[in-house]
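Peer 1: Okay, handing you the structure first.
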Amino acid sequence: MIVRVLTALIGLPFIFLLLHIGKWPLQLAVLFCAFVCLYEIYTALSKKFMPIHILGYLLSAAYIFILKDFTFIKFIVVFSSFIILLLVFLVFFHSNINIIDCITTLFGFFYVTFLLSFIILVRRQLYGEFFVWLIFISGWGCDTFAYFAGHIFGRHKLIPNLSPKKTVEGAIGGVLGSTLLGILYCNLFAGYFDIHYLNLTMLCATICSTCSVFAQLGDLSASAIKRYVNLKDYGNILPGHGGFLDRFDSILFTAPVVYIFLYFIRNFGG
């Protein structure tokens, strides 16, 4: 537990700096995280399949690059080019790879890079520097509160076949704790931003409570994959946490949810 906390304390200042700066440093950081997580998910899937690592990295780099000046046409060009290249690989290396390997390659991109990219997209929204923190508050805050609530009050197993240690009480504690963190964050830091949203505290609480549910689904999804390939952790690069994917599995789900909230507020909520 001490090693886990120390690793978090060392990493948080870097995350704070990157989220504050935004722009290309954040893009590079997300790309680096995507590469590491891609390596981990492809390595895990390699126990059953043969994902084409290099193509996953190429597509990820191209996609993160076009986010600098994103248009739907650019996405179509990059994605269609990747599909063609993937099938060309299938033609020339059909004796070593099959269509399932191609599908797992594509899955790795969407599961890791595409979902992580919403960190960048949220940061670029109106008041993004404020709202981007809700991604991490809801994801990691839920994980922390769920751990302690489960340790203290846990009696009923949540989904023991996927994650034996998770309990219903821990899941509820994670949601409540994440919601409280969102309220606390809003009241402490909203004053630094000239945000013209009514009921901002309620908005932050709603976002964090919703995201905390999806954070746990993200964690369980990662556990389901690990269970399928008979793996305990995706890696050991982060002492006390495992691999990057073990730490960011909840963030993969909370980032898109925050973006969707902001999208509907911007277009329908005023």
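Read the figures in this text as sums done on the coordinates, not as results from a lab. Note that the structure is predicted; figures quoted are calculated from it, not measured. Note that each Cβ is placed from the backbone with ideal geometry, even for glycine, and that neighbours are counted across all protein chains shown.
Peer 1: Collect the residues in segment 97-112 that are under 12 Å from the mean Cα position of the chain (by Cα) and surrounded by fewer than 24 Cβ atoms within 10 Å (Cβ to Cβ), keeping them in residue-number order. Spell out the reasoning first.
Peer 2: Start the filter on segment 97-112 by keeping residues that are under 12 Å from the mean Cα position of the chain (by Cα), which leaves 110-112.
Matches in segment 97-112: Phe110, Tyr111.
Peer 1: Quick one: which of His151, His196 is in a helix (DSSP H, G or I), over 19 Å from the mean Cα position of the chain (by Cα) and not aliphatic (A, V, I, L, M)?
Peer 2: Working: His196 fails: in a helix (DSSP H, G or I).
After ruling out the rest, the residue left standing is His151.
For every residue, the table says whether it meets (1) closer than 22 Å to Leu231 by Cβ; (2) assigned to a loop (DSSP other than H, G, I, E, B).
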| site | (1), (2) |
| --- | --- |
| His20 | no, no |
| Phe35 | yes, no |
| Met50 | yes, yes |
| Phe79 | no, no |
| Leu86 | no, no |
| Thr104 | yes, no |
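Peer 1: So is Thr179 touching a residue at least 12 places away in the same chain (Cβ under 8 Å), closer than 19 Å to Ile137 by Cβ, assigned to a helix (DSSP H, G or I) and within 17 Å of the chain's Cα centre (by Cα) or not? Write out each step before concluding.
Peer 2: On the way: touching a residue at least 12 places away in the same chain (Cβ under 8 Å): yes; closer than 19 Å to Ile137 by Cβ: yes; assigned to a helix (DSSP H, G or I): yes; within 17 Å of the chain's Cα centre (by Cα): no.
Taking the combined requirement at face value, the residue does not satisfy it.
Peer 1: Of all the helices (runs of 4 or more DSSP H) wholly in segment 199-270, which have at least 3 residues that are of a type in the set (Gly, Ala, Ser) and surrounded by fewer than 20 Cβ atoms within 10 Å (Cβ to Cβ)? I'd like the intermediate steps shown before the answer.
Peer 2: Working: elements: 200-228, 244-248, 251-264.
Qualifying helices (runs of 4 or more DSSP H): 200-228.
Peer 1: Within the bounds of segment 69-91, is there any residue that is in contact (Cβ under 8 Å) with a residue 12 or more places away in the chain and under 18 Å from the mean Cα position of the chain (by Cα)?
Peer 2: No: segment 69-91 contains no residue that is in contact (Cβ under 8 Å) with a residue 12 or more places away in the chain and under 18 Å from the mean Cα position of the chain (by Cα).
Peer 1: Hey, another quick one. Kindly indicate the residue of segment 113-156 that is of a type in the set (Lys, Arg) and within 21 Å of Phe32 (Cβ to Cβ) and also surrounded by the most Cβ atoms within 10 Å (Cβ to Cβ) among those meeting that condition. Walk me through how you get there before you give the answer.
Peer 2: Initial filter on segment 113-156 (of a type in the set (Lys, Arg)): 123-124, 155.
Going one step further and asking which of them are within 21 Å of Phe32 (Cβ to Cβ), we end up with 123-124.
Values: Arg123: 24, Arg124: 16.
Going through the qualifying residues, I end up with Arg123.
Peer 1: So, of the residues in segment 80-95 that are exposed (fewer than 11 other Cβ atoms within 10 Å of the Cβ) and polar (S, T, N, Q), which turns out to be farthest from Ile52 (Cα to Cα)?
Peer 2: Across segment 80-95, the extreme among qualifying residues is Ser80.
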